[in-house]
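Here the structure is laid out as structure tokens; the discussion comes afterwards.
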Amino acid sequence: MKLRGLYAITDSQLLAGKFLPYVEAALEGGVTLLQYRDKSQDEARRLREAEALAELCARYKTHLIINDDAELAARLGVGVHLGQTDGPLTPARTLLGREAIIGSTCHAQLDLAEQAAREGASYVAFGRFFNSVTKPGVPAADSALLEQAHARLKLPICAIGGINLDNAAPLIAHGVDLLAVIHGLFGADSTQEVTRRARAFNALFASA
């Protein structure tokens, strides 16, 4: 499975009132992975939204990833992304099986990425690379880290944190396989603009 391209991440506040139309607009523009990220405690709504996303992703042949909830991912038969506070990856790999996509947040620390690789991660995510609205206090990562990661890891590398169409190209030039984008994709004033941005991100990979 080749993990390369745009990695769209939902934000329940940013997408309030336009959740499914904006997600479908992104999928229309081409998305490799779609992560459902919702930190609320409303489990009924989370299940309802995740099921709707699973249907959409199946239609567009996009892989759905659930943020921080391996049980929900198992229920839907999709992948999961785990942060550093979510414990080791091994139980999630056991629960979801060998084929599931499991990602790991590694901040700006190569040793965390190497540990995730040993525990069965499908990809590792480094960030933030730029000022991030979602995670403003997280330590910054840089291009030197990407070069070290490429030398020492055999996994797809994802970059996250403040990425937009103006700053993404250098990350791809440094070998990033996945660009995780929230506001740079969904912070648009129309579904047409979301689709345009998705296509523009993918064009950066095509020309790299």
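Table for the structure above
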quantity	calculated
Amide N of region 138-165 lying under 14 Å from the label point, which is placed 7 angstrom from the Cα of residue 193 along Cα→Cβ	165
For the chain, built as a Gaussian network whose Cα springs stay under 10 Å, the top-fluctuating residue of 169, 52, 188	52
Directionally averaged projected area (convex hull, Cα atoms, region 71-126), nm²	3.3
Under 12 Å, Cβ to Cβ, from residue 201 - net charge with Lys/Arg +1 and Asp/Glu -1	+3
Positive minus negative residues near residue 71 (Lys, Arg vs Asp, Glu; Cβ under 15 Å)	-3
Carbon + sulfur, % of accessible area of the chain - ligands and nucleic acids excluded, 1.4 Å	50
Chain lengthening between residue 144 and residue 60 when straightened (0.36 nm per residue, less Cα-Cα)	26.7 nm
Stretchable slack from residue 18 to residue 75, in nm (0.36 nm times residue separation minus alpha-carbon distance)	18.0 nm
Most fluctuating residue given options 107, 183, 150, as computed from a GNM of the chain linking Cα atoms under 10 Å	150
For region 104-208: accessible area per residue (Å², 1.4 Å)	45
Region 116-208: trypsin sites (Lys or Arg not before Pro) in DSSP coil with no more than 10 other Cβ atoms inside 10 Å	154
Structure-based [θ]222 nm, the chain - -39500 (n - 2.57) summed over DSSP H runs of at least 4, per residue, nearest 500	-12500 deg cm²/dmol
For the chain, average projected area of the Cα convex hull in nm²	10.5
Residues in region 8-25 that a label on residue 40 would reach, taking backbone N under 13 Å of a point 7 Å out along Cα→Cβ	11-20
Residue-count net charge about residue 49 - beta-carbon cut-off 15 Å; Lys, Arg +1, Asp, Glu -1	-2
Gaussian network model of the chain, springs between alpha carbon atoms under 10 Å - residue of 83, 127, 30 with greatest fluctuation	83
In the chain, lysine pairs closer than 26 Å at Cα, eight or more apart or cross-chain	8
Relative contact order computed over region 65-164 (Cα-Cα under 8 Å; 6+ residues apart), in percent	22
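The values are calculated or read from the model by the stated rules, or taken from the named source; none is laboratory data. No experiment lies behind these values; they were computed from the predicted model shown. As a convention, Cβ positions derive from the backbone with ideal geometry for all residues, glycine included, and neighbour counts pool all protein chains shown. All accessible areas refer to the heavy atoms of the entire protein, side chains included, with ligands and DNA or RNA removed. Shrake-Rupley method; radii C 1.70, N 1.55, O 1.52, S 1.80 Å.
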